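The structure under discussion appears below in the form of structure tokens.
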Amino acid sequence: MKDPKVEHYDLVIVGGGLAGGLFLTALQHHHPHISTLLVERSPQLGGNHTWCLHEGDIPERSRPWFLPLLSHSWDRYEVFFPSHHRVLERSYHCLKSEDFAAKIASRCGSAATSKPTPPLIRLNSEVTGWKKDSDGETLLEIRGQGPTPVAASKPTLPVAASKPTLVRCHSVIMAGGWQPLADPKSFGWQKFVGLEVRLQRPHDLRWPILKDVRVPQIDGYRFFYTLPFSSDQLLIEDTYYSNHPGLRVERIEREIYQYAERQGWRIGEVLRRETGALPLAMNPPAMAVSEWPVLGAQSNYFHPVTGYTLPFTLRMIQDLMDHSNLTVPSMQKVMQLNFHRDERRFRFLAMLNRMMFLAAKSETRYRILERFYRLPLPLIERFYSGKVSLFDQIRILAGKPPVPLGAALKAVRRQTKVDENSPAASP
């Protein structure tokens, strides 16, 4: 760290994916005068993702700054099972990463204030060193591209070889992606291959199909997921709740083409490909331990049954805006309170995973969800937001279980080694 240029910020966000971008946007709405730097190692904010959420996942106080980021919204969605079809009349929303990167620019600095402080970003950059100074502030060494105003940033900027820059800041928050798991076999997995396609002729799909389970049940609980973006543009995903994260991408893409043909959709062009494997915890996720506050997937704060981080990240960010002063100790305290609040719910949701992955046969796992989608809509929405009440838990478990009773009881009592695998989030 010899004679680098020193820059000063109130707060530095390390990571420009979903969590980092949302935190930056919330800061600009609630605290527009705070000087902020976001550091992202890749050349593009947000990566290559499609994030979706239910209406009930959005905190009321987050709506003014979050809703403008959305790419698409629908007023209902539907599910298909072998013996059950249902249209659920509740809004469903989608956020595409390319829109996310662009809309951050238009959202930043738009809060009602006379002199907002525009945030800066560094793409193709990493924090390569850090220490505390005598005043209690943090000194970060950053290598890569120099900072630019968000409004001027481009997702394809080249990596700039540069001397290290020293950044002095009051607070740091980490917002990285998933951390490596010590033993992936201790987790279930929601994995998928998706194709965003343009059809040769318009389709007649009016709203999303969240689950179409009328397909061969191979490699676990399997369903197709389809989002209509326009009259001739769809995102079609082939999704599996599997015991392993492996994907045979070419074979699954052929399955997507065949599924589209069966629906009467003739694919003319593939616009984008997306793959993923989300860990599903069989024991409650443990809070990541770090010198700094940790947000998003890196924090292990995610829905145990779906692997989704967006609903929990939104709630955490809004609580940080409302109940912390954005110092490191204050933010860490709010995060600990959130984990403690959800601990009992996480235990229940992780227990459901054990029933699915340890008690149910691979080809009959869908029966658990088929039964679930007969429950009242408000309960379904609370489930996906991770806010299941004790009464909700009783309703979900009531009646004859869709898995063998003996295997279900054994799975409920079983503990895996997943608790040992919750990694510390290193700077």
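Odds and ends about this structure:
- Pairwise FRET efficiency - residue 361 versus residue 398, Cβ, R0 = 22 Å, nearest 0.05: 0.50
- Ordering 356, 321 from the fewest to the most neighbouring beta carbons within 10 Å gives 321, 356.
- Cα-projected label distance for residue 33 with residue 325, points at 7 Å along beta-carbon direction, nm: 1.5
- At R0 = 35 Å, FRET efficiency that the Cβ-Cβ distance of residue 132 and residue 391 yields, to 0.05: 0.15
- With a simple spin-label model that places each label point 7 Å from the Cα along the Cα-to-Cβ direction, the separation between residue 86 and residue 270 comes to 3.4 nm.
- Compactness relative to 2.2 N^0.38 Å, alpha carbon Rg of segment 261-323: 1.64
- Under the simplified labelling scheme, the residue 181-residue 99 pair shows an inter-label distance of 3.0 nm, with each label point 7 Å from Cα along Cα→Cβ.
- Value in Å of the Kirkwood radius, where segment 218-375 supplies the Cα pairs that are averaged: 18.3
- Ignoring aspartates and glutamates fewer than eight residues from residue 211 along the same chain, the ones with Cα atoms less than 14 angstrom from its Cα are 78, 237, 238, 370.
- Both the radius of gyration and Dmax for segment 18-72 are 12.5, 33 Å, in that order, over alpha-carbon atoms.
- Kirkwood-based Rg to Rh ratio, the chain, C-alpha trace: 0.97
- Per residue of the chain, the DSSP helices (runs of n ≥ 4 H) give a summed -39500 (n - 2.57) that works out to -8500 deg cm²/dmol at 222 nm.
- The phi-based Karplus calculation (6.51 cos²θ - 1.76 cosθ + 1.60; θ = phi - 60°) puts the 3J(HN,Hα) values of segment 270-287 at 8, 8, 6, 10, 8, 10, x, 9, 9, x, 10, 6, 9, 10, x, x, 9, 5 Hz, whole numbers, x for Gly and Pro.
- Remark on residue 80: its backbone amide H falls under 5 Å from those of 211, 212, 213, a criterion applied only to residues 5 or more positions apart or on other chains, H modelled at 1.01 Å from N.
- Debye equation applied to the C-alpha atoms of segment 184-281, log10 I(q)/I(0) at 0.10, 0.15, 0.18 Å⁻¹: -0.26, -0.57, -0.79
- Per-q log10 I(q)/I(0), segment 288-410, q = 0.15 Å⁻¹ (Debye; single scatterer per alpha-carbon; no solvent): -0.75
- Sorted on the mean count of surrounding Cβ atoms within 10 Å across their residues, most packed first, peptides 368-375, 50-57, 264-271 read 50-57, 368-375, 264-271.
FYI, it's all coordinate maths here, none of it is from the lab. Model, not experiment: these values are computed from the prediction. In this analysis, Cβ positions are derived from the backbone assuming ideal geometry, glycine residues included, and neighbour counts consider all displayed protein chains.
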